[in-house]
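Note sheet for the following structure.
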Amino acid sequence: INSMTINDLKYAQRERVIFLDRCLTWRGAANRRDPIDRFRISSAQAAIDFRTYLQLAPVPPDYDPVRKAYIARANHQSLMTPSLTTDFEVLEDAEDGESGSASVPRPFRQADAAIVARLYNVMRTGKAIHVSYTSMTTGADEGQWLAPVRFTSDGENVHLRAFSFKHQAYRDYLPIRFSPSSSFDERQLEQALPLDEEWRTRARIFLRPHAGLSAEQAAVVSKEYGFSGELLVVVVRQAMEFYLKRRWRLEEKNARLQIVKIEHEPWDDGREG
């Protein structure tokens, strides 16, 4: 009995096998050229990857000698939880020479690598750093002391979460908005930082299709967002609650989902801060 799982593979082959699974899930077919073109591997390596996939697949695909491709069966089951947004690349037509042209480009989020590395090292050594920051609400400041505690991502931007001695609170900062002319002076912390209560709090957000939708529209929205019952429960740290509401457009005029309630409870992951 073969007990091998996807997690037993080395990272590079694991990524290639997942790619094959995505092709079979969303296209219904995969051939040897797919991994060769995508990963610039040899035909022999592609053959090995296909054999590995056939061993792992819950429902192995059939080989069509006419199309020279593996064809997913009607009862195909994905190795990984499929996400059309994440897996969209396998649907793009690479043969038209316009890869990426069928999707709206994301903003290119810049940051000064030297500044980010400096912030990371200050965070790692548990120090505070003096920086100048330009806020979109209050403009540029004259400099303040921050104690970086972690980097976070809202899916679009990377933020630095830090304790601001000026505001006596934990806040999120975009690295690109730190001025290169900051002093970047460092100092040891005189005492332990206060607990980051918002980070240590779990927000359970209960969602339902918007009340303004018809029954048919509500049913489609429920299917689109993967509802398994009347409500969809999304769990996020309270510190990230704002970003989830913004990215899911929960408070916009034409929102498809609406918040029923939000429950907050301690989120103890065994870490301080």
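Collect the residues in region 57-102 that are modelled with pLDDT of 95 or more and not in a loop (DSSP other than H, G, I, E, B), keeping them in residue-number order.
Matches in region 57-102: Asp62, Tyr63, Asp64, Ala69, Tyr70, Ile71.
For region 39-78, name all the residues that are within 26 Å of the chain's Cα centre (by Cα), under 13 Å from Gln13 (Cβ atoms) and not aromatic (Phe, Trp, Tyr).
The one that is within 26 Å of the chain's Cα centre (by Cα), under 13 Å from Gln13 (Cβ atoms) and not aromatic (Phe, Trp, Tyr): Leu56.
For the subset of region 103-125 comprising residues that are in a helix (DSSP H, G or I), over 22 Å from the mean Cα position of the chain (by Cα) and without any contact (Cβ under 8 Å) to a residue 12 or more places away in the chain, which member is surrounded by the most Cβ atoms within 10 Å (Cβ to Cβ)?
Asn121
Which residues, taken from region 126-157, are open to solvent by 30 Å² or more (accessible area, probe 1.4 Å) and modelled with pLDDT of 95 or more?
Gly126, Lys127, His130, Thr134, Trp145, Val149, Arg150, Phe151 - these are the residues of region 126-157 that are open to solvent by 30 Å² or more (accessible area, probe 1.4 Å) and modelled with pLDDT of 95 or more.
Go through region 201-245 and give me each residue that's of a type in the set (Val, Ile, Thr), under 15 Å from Leu257 (Cβ atoms) and either open to solvent by 70 Å² or more (accessible area, probe 1.4 Å) or under 17 Å from the mean Cα position of the chain (by Cα) (or both). I'd like the intermediate steps shown before the answer.
Narrowing region 201-245 to residues of a type in the set (Val, Ile, Thr): 201, 205, 220-221, 233-236.
After this cut, where a residue has to be under 15 Å from Leu257 (Cβ atoms) as well, the list is 205, 220-221, 233-234, 236.
Within region 201-245, Val220, Val234, Val236 meet the criteria.
Tell me which strands (runs of 3 or more DSSP E) are completely within region 165-239 and hold 1 or more residues being closer than 30 Å to Trp145 by Cβ and aromatic (Phe, Trp, Tyr), or say none if there are none.
By residue number, 169-173.
Pairs only if they're at least six apart or on different chains, beta carbon under 7 angstrom, first in region 165-182 and under 14 Å from Leu193 (Cβ atoms) and free of Cβ contacts under 8 Å to residues at least 12 places away in the same chain, second open to solvent by 70 Å² or more (accessible area, probe 1.4 Å) and assigned to a strand (DSSP E or B); list them, first residue then second.
Close Cβ pairs satisfying both conditions: none exist.
State yes or no: is Arg51 more than 23 Å from Phe88 (Cβ to Cβ) and assigned to a helix (DSSP H, G or I)?
Here the answer is yes, as Arg51 does meet what is asked.
Among the residues of region 1-44, count how many are of a type in the set (S, T, N, Q) and without any contact (Cβ under 8 Å) to a residue 12 or more places away in the chain. Show your work before the answer.
As a first pass, look at region 1-44 and keep what is of a type in the set (S, T, N, Q): 2-3, 5, 7, 13, 25, 31, 42-43.
Add one more test, that the residue is without any contact (Cβ under 8 Å) to a residue 12 or more places away in the chain, and what stays is 3, 7, 42-43.
So the answer is 4.
Within region 17-40, can you find the residues that are open to solvent by 30 Å² or more (accessible area, probe 1.4 Å), at negative phi and either in contact with a Ser or Thr (Cβ under 8 Å, 6 or more places away or on another chain) or not aromatic (Phe, Trp, Tyr) (or both)?
Step one: filter region 17-40 for residues open to solvent by 30 Å² or more (accessible area, probe 1.4 Å), giving 22, 25-27, 31-33, 37-40.
After this cut, where a residue has to be at negative phi as well, the list is 22, 25-27, 31-33, 37-39.
Within region 17-40, Arg22, Thr25, Arg27, Asn31, Arg32, Arg33, Asp37, Arg38 qualify.
The values are calculated or read from the model by the stated rules, or taken from the named source; none is laboratory data. These figures come from a predicted structure and were not determined experimentally. Ideal geometry is used to build each Cβ from the backbone, glycine not excepted, and the neighbour counts take in all protein chains shown. Note: areas computed on protein heavy atoms with side chains; ligands, DNA, RNA excluded. Shrake-Rupley method; radii C 1.70, N 1.55, O 1.52, S 1.80 Å.
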